[in-house]
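Quick notes on the structure that follows.
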Amino acid sequence: MRKLLIVVDMQKDFVDGSLGTKEAVEIVPAVIDKIKSYDLKDVFVTRDTHQPDYLTTQEGKNLPVEHCIEGTEGWELDKNIAAILDGATFINKPTFGSTILVDTIKSIYEKEEIEIEMIGLCTDICVVSNALLLKAAMPEVSISVDSACCAGVTPQKHEAALETMRSCQIYVK
């Protein structure tokens, strides 16, 4: 069985930039160790990707903090994580969940048995959104989230998102 790792939005703006948290900074070493435990051909990395008009979008009006503007330093992956991802697959996503990610993973699943492990930021927004999209598209695939390699907007929201995923039959480590 092929084991896939999805690394969600480990970008500078979410780690130590405009929306960064101490919890996000603290998970970076564990995220690096987790990535190193996988063959890079089985690692899929999402990047939250906004445009300069972000503040005029629906998301920008609800979260009026510019972040992950394509081509900026904040959009780049954390430099220590980026340094070990040569050979991984990158998927830019304009919103919380990515249908491109789902289609990419589903095309693999149509050819072979897979398991999915997810890590990254933010547990309560993009991690949970993608986990639920993947589970809806492939209900028989085992999907897990390593909680030690995730951080939420707050510790309370992180825990709430983990509980939501447990309720939807996503295994939380």
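The values are calculated or read from the model by the stated rules, or taken from the named source; none is laboratory data. Since we're looking at a predicted model, the values are computed, not measured. Cβ sites come from the backbone with ideal geometry, for glycine too, and all protein chains shown count toward neighbours.
Things to note:
- Among the residues of segment 36-87, those identified as more than 21 Å from residue 5 (Cα to Cα), of a type outside the set (A, V, I, L, M, F, W, C) and part of a helix (DSSP H, G or I) are 54, 56, 58, 59, 60, 61, 62, 73, 74.
- Selection of first residues in segment 76-100 that are free of Cβ contacts under 8 Å to residues at least 40 places away in the same chain and hydrophobic (A, V, I, L, M, F, W, C) and of second residues that are assigned to a loop (DSSP other than H, G, I, E, B) and surrounded by 15 or more Cβ atoms within 10 Å (Cβ to Cβ), restricted to Cβ pairs under 7 Å at least 6 apart or on distinct chains, gives the following pairs, ordered by first then second residue: 82/76.
- Cβ pairs under 6 Å, 6+ apart, first in segment 18-32 and closer than 16 Å to residue 158 by Cα, second outside any loop (DSSP other than H, G, I, E, B) and charged (D, E, K, R): 19/13
- A residue that is of a type in the set (Ser, Thr, Tyr), at pLDDT below 95 and within 25 Å of residue 116 (Cα to Cα) can be found somewhere in segment 86-95.
Yes/no matrix, rows are residues, columns are (1) closer than 21 Å to residue 173 by Cα; (2) more than 15 Å from the chain's Cα centre (by Cα); (3) surrounded by 13 or more Cβ atoms within 10 Å (Cβ to Cβ):
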position: 7; (1), (2), (3): yes, no, yes
position: 20; (1), (2), (3): no, no, yes
position: 29; (1), (2), (3): yes, yes, no
position: 52; (1), (2), (3): no, yes, no
position: 63; (1), (2), (3): no, yes, yes
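- Filtered residues of segment 65-87 (kept if loosely packed, with under 13 Cβ neighbours inside 10 Å and on the phi > 0 side of the Ramachandran plot): 71, 87
- Candidates in segment 113-125 are the residues that are surrounded by fewer than 24 Cβ atoms within 10 Å (Cβ to Cβ) and in contact with a helix residue (DSSP H, G or I) (Cβ under 9 Å, 6 or more places away or on another chain); of these, the one that is nearest to residue 159 (Cα to Cα) is 124.
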